[in-house]
Amino acid sequence: MNETLNLLIGLAMGLNLLALGSSRLPSLIQAMSFQGMLLGLMPLIMEHEHLDWRLGLIALATIAGKGVVIPTLLRRAMRAANIDREIEPFIGFVPSLLLGAAGTIAAVALSQALPLLPEHAGLLLVPGAIASVLTGFVLLIGRAEAISQVCGYLILENGIYLFGLLLIRSTPLVVESGILLDVTVGVFVIGIIVDRIQRAFDSLDTRKLTALRE
Amino acid sequence: MMLMLDLILRLVLWLLLAPLLPGVINRVKAWVAGRRGPPVLQLYYDLARLWQKGVVMSTLASPGFVAGPAVAWVALTGAALLMPLGPAGAAFSFRGDVLMLIYLLALARFCTAWAAMETGSAFEGMGAAREVSYAVLAEAAIITAVLSLSVQTGSVSLVSMLAPSAGAGAVLLAAGLFTVLLAENCRVPFDDPNTHLELTMIHEVMVLDHSGPPLAVILHGASMKLLLFAVLLVQAVLPMGDMSPLAATGALAGGVLAVMIGVGLIESLLARLAFRRVPLLLTTAFLLCLFALLVAWKGNRV
Amino acid sequence: MNALLLVIIPLVGAGVAALWPNNRTRPWLLPIVGLAHVVLTGWMFLDPPEVASNAWLAFDPLARAVLPAVSLLFLVCAAYGVTYLQIRSERPNRVFVALLLAVLGLLSAGHQARHLGLLWIATEGVTLAAVPLLHFNATPRAYEATWKYLLVGGTGIALSLLGSFCLGYASLHGGGGGDLTFVALMSQGAGLSRPWVLTAWVLLLVGYGTKMGLAPMHTWKPDAYGEAPGIVGAILAGGVTTVAFTAILRIRAVIAAAGEGPIADRTLLAIGLFSMLVAALFLLGTRDFKRMLAYSSVEHMGILSVGAALGGPGLAAALFHVWTNGLTKGTLFLSAGNIRRAAGSPSMDQVRGMAVLTPRSAAIFVTGMFAVTALPPFGPFFSELQLVRAALAGGHGTASAVFLGCLLLAFFGLTRVVFGIVDGRPRTAARANGKRFVETAGVIAPPLVLLGMSLWLGLCTPEILREAWAAAVAQLFPTSTP
């Protein structure tokens, strides 16, 4: 069971690098949505001994939300904004890929310093979480285009979700669903703002957002 | 006497089998496209035809124009002799021969670029510049791959490095080495061997001004390089040492064939990358090999 | 039950506002709900309810020490909002009114949250609800500010979630049940796993520090405050930032119970002084009087953070400062809103002579500026004095020197901008605008009331407030009562 889970986490980490290296927006969204689906499967694998409807619901909501709904929204926004050319990022693709790889290695090294419970030992959840958070940061900082930044933010949240799996047995459902709800609402709000920026600036290139500075 | 016989047999095997590979790739491409395509032995005919032709030389060119391809071919043949062949082992094997292999490949590349620059044409110079700048990244990847094999087995000799499988990182290593194979042999998505537009060529543009026997040598050398990389890839991934000699030979042949079919499929299904994206893919190959190295390193310690 | 009512009343008000058909009468919901909230808070303040130790949401001493200030500030801003939305009657205010009320409800939830997850949900809710408030003006600059606010604030809030998980895992790893209420975490104390506690502290400080606007996570603040309507700025600066501050206080108490108090205090002191320094330096450079207020807010968040680092007496001073700063900042934001509207520009390059065009607002603005830079009879002077005394008594000589130095620099920066826009001869373009802007009682009285409250807090701090702050300190320092 641990091997299956680690394989999924390894795949998610690979998708991080894919997201960093993909120069085209559709493939970035694809990587993110695939990662979301992987994350949705994880609670089922982790708790396969005592499955119940709550877990199933969470898994279903995650897969539907992170894997289907949000990517569809982003794709629609992308089509509406008519982004067909590649916008050069602040941090180039090769440097961001190298940063991501360095981040992944650092995540593995860092997680050695954090002790785990015996039942979590040998799981890649912590390095996977740190690597995803770092990937999200690189995308947030390095990309110049609003939808890519949103993807970065979502990958960052995926990392936090990975970490949250460690607490799956102890956190009550109320908190989890509240968190899921907030994330969903957050994405909707972001989507609306992306739409408004598109209308106000006629572009989603955030390099045009430079009126406010000292 | 046995040694001599072994050596000659090996040479014949490498030299004769190599030109088969581009034929296999072309066959796969033709099959995917639904065409009849050229015969599998086309490169043999080409080589025979070229060998009978005369050489046209630029007035600017020094003897390096002819010497370059010759030295490159010899270097590649030497590299081929270092490469073990499944149960048969290598013709020459010593500690650190893997470094020798890398340097021989680099020497071959240097000579090709040198010969290209001899023509004094702007196009050849451009091709040489591209080839060398991509090679920097590809070499980083292949050195990392070799390092990961070496860490995995604790050895620096090709025969013992390639005998076991690459362990847990085998998938990563396979993907990385395959990408390097595509880049080093100028296949799609790095370069298009069929292109006829000088501005978009990499390798082909370097050999534009060669003709006759030097061109034949270059083409033959390229096919040997392809075979060399395919053999390296298959042996790095498959646990050759654990198989019976017959099975290992079969696995090697089958593996090389599979790699060629993979190259053919990629060539049919993918488009060539834009130049500025090539470093990105090569960096990916490097990272794949790097993670294979980390897995090998970590796996050994646990 | 009453604790829950404090959350529910504004949220119901928000629902009503969302359904209210009339654009002209809808703003009146703001002061009505605000008044109900103030009455309920005041009643609970005077007669503090029993707090069940395992309650997730309760009007505990810390909430009692801070929430009334937010409630009062909201009421005054709501009264201002009625006039403001009448002036801006050309824009639909359905979303604005509903979300302003939702912000109040979520703020009440955040201040009273005694559970790490609930606290996070409330804070994230406030962050998101504030988004449409920021781009009420619908200018490209407002969208730009909103985007930066969302990215920076969203990242901060994500990190604080990660930190909450780390703290939860610290409890699990230390043999606890993973109960995320602050009481349970504090009672587990030294049983929490040390590496996880430290990781959690860093992440939570960065996360909630972003929300609070501590440097270097303050970058969203000048943009958001600069482009948002004055009333939104006042509520963000006086209410939303304090919820993040109380969050940090509650978390610090857990970290201290785990035996890492000295580390927490040192980081708080360092980040507080750094924020003050950064804010003071930017204050010397900015030419926009609304962005100036944002930097001043960063500076005061630094002051709060320094106070939280100084143990019991410092914390009492910091809670005092939450009140004085929130009310005084409200004065400044509301009067700056008036000036901005009359002048048609926020930059001191284009605005001059506002003492002639809007004499009342300008007078309030200047007085408020002196109040916030700690001129004696006003509240901030006494809270900052108390804080410096706590620092000196705690042996933090160097820190006090840096603290006072930053205050001085900030004073230079503020006076430079404020007198730049108030003095001189009005520009002709602004004069036409200024004629159209009439200083009615509706836009003058609210900032004046806030200024009066700040003065009142300074002159005679009510004993019951001191007692409330002391109770909050006792809650956060269970072992040593000051």
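The values are calculated or read from the model by the stated rules, or taken from the named source; none is laboratory data. Note that the structure is a prediction, hence the values are computed from the model and not measured. Note that each Cβ is placed from the backbone with ideal geometry, even for glycine, and that neighbours are counted across all protein chains shown.
Only residues that are of a type outside the set (S, T, N, Q), in contact (Cβ under 8 Å) with a residue 40 or more places away in the chain, under 20 Å from A:Thr104 (Cα atoms) and within 14 Å of another protein chain (Cβ to nearest Cβ) were counted across the stretch A:13-53, and they come to 6. A search for C-beta distances below 8 Å between a residue of the stretch B:142-154 that is closer than 12 Å to B:Val295 by Cα and touching a residue at least 24 places away in the same chain (Cβ under 8 Å) and any residue that is buried (at least 22 other Cβ atoms within 10 Å of the Cβ) and β-branched (Val, Ile, Thr), counting only pairs 6+ apart in sequence or on different chains, returns B:Ala145/B:Val180; B:Ser148/B:Val295.
Filter the stretch C:106-142 down to residues that are surrounded by 24 or more Cβ atoms within 10 Å (Cβ to Cβ) and in contact with a His (Cβ under 9 Å, 6 or more places away or on another chain) and give me whichever is nearest to the other protein chains (Cβ to nearest Cβ). For the stretch C:106-142, the residue satisfying everything is C:Ala122. Pick from the stretch A:11-52 the residues that are more than 17 Å from A:Gly159 (Cβ to Cβ) and touching a Phe, Trp or Tyr at 6+ places or on another chain (Cβ under 7 Å): which of them is surrounded by the fewest Cβ atoms within 10 Å (Cβ to Cβ)? This residue is A:Ser23. Restricting the search to helices (runs of 4 or more DSSP H) fully inside the stretch A:102-214 and requiring at least 3 residues that are in contact with a Phe, Trp or Tyr (Cβ under 9 Å, 6 or more places away or on another chain) and facing another protein chain (nearest Cβ under 7 Å) gives A:146-164, A:173-201.
Per the listing B:Ala90, B:Ala80, the residue uniquely outside any helix (DSSP H, G or I) and surrounded by 16 or more Cβ atoms within 10 Å (Cβ to Cβ) is B:Ala90.
Is it the case, given these coordinates, that B:Ser62 is buried (at least 16 other Cβ atoms within 10 Å of the Cβ), over 30 Å from B:Leu16 (Cβ atoms), among the polar types (S, T, N, Q) and in contact (Cβ under 8 Å) with a residue 12 or more places away in the chain? Against the criterion (buried (at least 16 other Cβ atoms within 10 Å of the Cβ), over 30 Å from B:Leu16 (Cβ atoms), among the polar types (S, T, N, Q) and in contact (Cβ under 8 Å) with a residue 12 or more places away in the chain), B:Ser62 does not qualify. Does any residue of the stretch B:148-163 turn out to be outside any loop (DSSP other than H, G, I, E, B), under 28 Å from B:Met126 (Cα atoms), touching a Cys at 6+ places or on another chain (Cβ under 7 Å) and of a type outside the set (A, V, I, L, M, F, W, C)? Scanning the stretch B:148-163 turns up no residue that is outside any loop (DSSP other than H, G, I, E, B), under 28 Å from B:Met126 (Cα atoms), touching a Cys at 6+ places or on another chain (Cβ under 7 Å) and of a type outside the set (A, V, I, L, M, F, W, C). If the condition is being surrounded by 15 or more Cβ atoms within 10 Å (Cβ to Cβ), modelled with pLDDT under 90 and more than 10 Å from chain B (Cβ to nearest Cβ), then the stretch A:84-101 contributes A:Ile87, A:Pro89, A:Ile91.
For C:Thr83, the conditions (1) in contact with a strand residue (DSSP E or B) (Cβ under 8 Å, 6 or more places away or on another chain); (2) among the polar types (S, T, N, Q); (3) not in a loop (DSSP other than H, G, I, E, B) all hold with the exception of (1).
Would you pick out the residues in the stretch C:453-466 that are surrounded by 13 or more Cβ atoms within 10 Å (Cβ to Cβ) and part of a helix (DSSP H, G or I)?
Applying the first criterion (surrounded by 13 or more Cβ atoms within 10 Å (Cβ to Cβ)) to the stretch C:453-466 yields C:453-458, C:461, C:465-466.
Matches in the stretch C:453-466: C:Met453, C:Ser454, C:Leu455, C:Trp456, C:Leu457, C:Gly458, C:Leu465, C:Arg466.
Restricting B:Ala128, B:Ala72, B:Ala108 to residues that are in contact with a Cys (Cβ under 7 Å, 6 or more places away or on another chain), in a helix (DSSP H, G or I) and surrounded by 13 or more Cβ atoms within 10 Å (Cβ to Cβ) narrows the list to B:Ala72.
Selection of the stretch B:140-161 for residues being farther than 16 Å from B:Trp297 by Cβ and within 17 Å of the chain's Cα centre (by Cα) yields B:Ala140, B:Ala141, B:Ile142, B:Leu158.
Scan the stretch C:388-399 residue by residue and report those that are part of a helix (DSSP H, G or I), crowded, with 17+ Cβ neighbours inside 10 Å and over 23 Å from the mean Cα position of the chain (by Cα). C:Ala399 - this is the single residue of the stretch C:388-399 that is part of a helix (DSSP H, G or I), crowded, with 17+ Cβ neighbours inside 10 Å and over 23 Å from the mean Cα position of the chain (by Cα). Taking the condition farther than 23 Å from C:Ala190 by Cα and hydrophobic (A, V, I, L, M, F, W, C), does C:Ile263 pass? No; evaluated as a whole, the condition is false for this residue.
Quick grid of which residues meet (1) of a type in the set (A, V, I, L, M); (2) closer than 21 Å to C:Arg287 by Cα; (3) at the interface with another protein chain (Cβ under 10 Å from one of its Cβ atoms); (4) in contact (Cβ under 8 Å) with a residue 12 or more places away in the chain:
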{"residue": "C:Val152", "(1), (2), (3), (4)": "yes, no, yes, yes"}
{"residue": "C:Leu162", "(1), (2), (3), (4)": "yes, no, yes, yes"}
{"residue": "C:Thr199", "(1), (2), (3), (4)": "no, no, yes, yes"}
{"residue": "C:Thr210", "(1), (2), (3), (4)": "no, no, no, yes"}
{"residue": "C:Ala215", "(1), (2), (3), (4)": "yes, yes, no, yes"}
{"residue": "C:Tyr225", "(1), (2), (3), (4)": "no, yes, no, yes"}
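Taking the stated definitions as given, is C:Thr146 facing chain A (nearest Cβ under 9 Å), surrounded by fewer than 23 Cβ atoms within 10 Å (Cβ to Cβ) and of a type in the set (Ser, Thr, Tyr)? So C:Thr146 fails the test. Residues in the stretch B:30-56 that are over 19 Å from the mean Cα position of the chain (by Cα), of a type outside the set (Asp, Glu) and not in a loop (DSSP other than H, G, I, E, B): B:Ala30, B:Trp31, B:Val32, B:Ala33, B:Gln42, B:Tyr45, B:Ala48, B:Arg49, B:Leu50, B:Trp51.
Taken as a whole, the structure leaves C:Asp265 outside the set of residues that are out of contact with any Cys (no Cβ under 7 Å at 6 or more places or on another chain), within 14 Å of another protein chain (Cβ to nearest Cβ) and of a type in the set (Asp, Glu).
For the condition within 30 Å of B:Ile266 (Cβ to Cβ) and in a helix (DSSP H, G or I), B:Leu21 qualifies. It is to be established whether one or more residues within the stretch C:67-87 are away from chain A (no Cβ under 14 Å), over 29 Å from C:Arg250 (Cβ atoms), touching a Lys or Arg at 6+ places or on another chain (Cβ under 7 Å) and among the polar types (S, T, N, Q). No - not one qualifying residue is present in the stretch C:67-87. Residues that are touching a residue at least 60 places away in the same chain (Cβ under 8 Å), among the β-branched types (Val, Ile, Thr), within 14 Å of another protein chain (Cβ to nearest Cβ) and buried (at least 24 other Cβ atoms within 10 Å of the Cβ): does the stretch C:297-310 have at least one? Yes - at least one qualifying residue is present in the stretch C:297-310. So for the stretch B:169-187 (the condition being more than 19 Å from the chain's Cα centre (by Cα), on the phi < 0 side of the Ramachandran plot, of a type in the set (Gly, Ala, Ser) and crowded, with 18+ Cβ neighbours inside 10 Å), does at least one residue qualify? Scanning the stretch B:169-187 turns up at least one residue that is more than 19 Å from the chain's Cα centre (by Cα), on the phi < 0 side of the Ramachandran plot, of a type in the set (Gly, Ala, Ser) and crowded, with 18+ Cβ neighbours inside 10 Å. Inside the stretch B:232-248, can you point out the residues that are modelled with pLDDT of 85 or more, assigned to a helix (DSSP H, G or I) and either of a type in the set (Gly, Ala, Ser) or under 24 Å from B:Val180 (Cα atoms) (or both)? Correct list: B:Leu232, B:Leu233, B:Val234, B:Gln235, B:Ala236, B:Val237, B:Ala247, B:Ala248.
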